[in-house]
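The values are calculated or read from the model by the stated rules, or taken from the named source; none is laboratory data. Computed from a predicted model, the values in this text were never measured in an experiment. Note that each Cβ is placed from the backbone with ideal geometry, even for glycine, and that neighbours are counted across all protein chains shown.
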């Protein structure tokens, strides 16, 4: 964090830039806290152990891809002036709700447990179904937006 004396030395343009980015970072942090807690709650509700196919993580990532596609498109078109809401919900909430690192680690755990076919299937399903879900989310938002404006 910048000390008060350094902040005063900054030009007014730099101070505005710093305030804006601190505000954006705060919005992302709040959304991220909520998204991370949602994911954690679902993993607690549907536990799995290393070596088992983590269907809960697969579902979280696919649902997150759909919501990010649909919600991101809808927010941009419906509320273009609300950047902080968009950052909080897309980068923050959905970024923390979905998880690439857990997905990768779970695939390694499956392979280490001798379930190489399951690991490969999990990786392929996560990627392909996630891409389809994101595309479906975008298409759904476009269809709804077009129907609303027609």
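With respect to being over 8 Å from the mean Cα position of the chain (by Cα), more than 21 Å from residue 23 (Cα to Cα), in contact (Cβ under 8 Å) with a residue 60 or more places away in the chain and surrounded by fewer than 21 Cβ atoms within 10 Å (Cβ to Cβ), residue 67 fits the description.
Tell me which residues, restricted to region 117-150, are surrounded by fewer than 12 Cβ atoms within 10 Å (Cβ to Cβ) and not in a loop (DSSP other than H, G, I, E, B).
Initially, region 117-150 is screened for residues surrounded by fewer than 12 Cβ atoms within 10 Å (Cβ to Cβ), giving 117, 124, 128, 143, 146-150.
Matches in region 117-150: 117, 124, 128, 143, 146, 147, 148, 149.
Of the residues that make up region 1-10, is at least one farther than 24 Å from residue 148 by Cα and within 13 Å of the chain's Cα centre (by Cα)? Within region 1-10, none of the residues are farther than 24 Å from residue 148 by Cα and within 13 Å of the chain's Cα centre (by Cα). Within region 70-88, being more than 10 Å from residue 137 (Cβ to Cβ) and either within 8 Å of the chain's Cα centre (by Cα) or in contact (Cβ under 8 Å) with a residue 60 or more places away in the chain (or both) holds for 77, 78, 84, 87, 88.
I need the helices (runs of 4 or more DSSP H) fully contained in region 1-104, keeping only those with at least 2 residues that are in contact with a helix residue (DSSP H, G or I) (Cβ under 8 Å, 6 or more places away or on another chain), within 25 Å of residue 131 (Cα to Cα) and at pLDDT 95 or above. Steps first, answer last, please.
On the way: elements: 4-9, 12-45, 55-78, 83-86.
Counting at least 2 such residues, we get 12-45, 55-78.
When you go through 32, 36 one by one, which is the residue that is under 20 Å from residue 93 (Cβ atoms), surrounded by fewer than 17 Cβ atoms within 10 Å (Cβ to Cβ), in contact (Cβ under 8 Å) with a residue 60 or more places away in the chain and under 19 Å from the mean Cα position of the chain (by Cα)? Residue meeting the stated conditions: 36. Whenever a residue of region 101-126 is farther than 12 Å from residue 54 by Cβ, its partners that are in a helix (DSSP H, G or I), lying with C-beta atoms within less than 8 angstrom and at least six residues away or across chains, give the pairs 111/119; 116/110.
The rows are residues; the columns are (1) surrounded by 15 or more Cβ atoms within 10 Å (Cβ to Cβ); (2) within 30 Å of residue 116 (Cβ to Cβ).
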| site | (1), (2) |
| --- | --- |
| 23 | no, no |
| 28 | yes, no |
| 40 | no, yes |
| 89 | yes, no |
| 100 | no, yes |
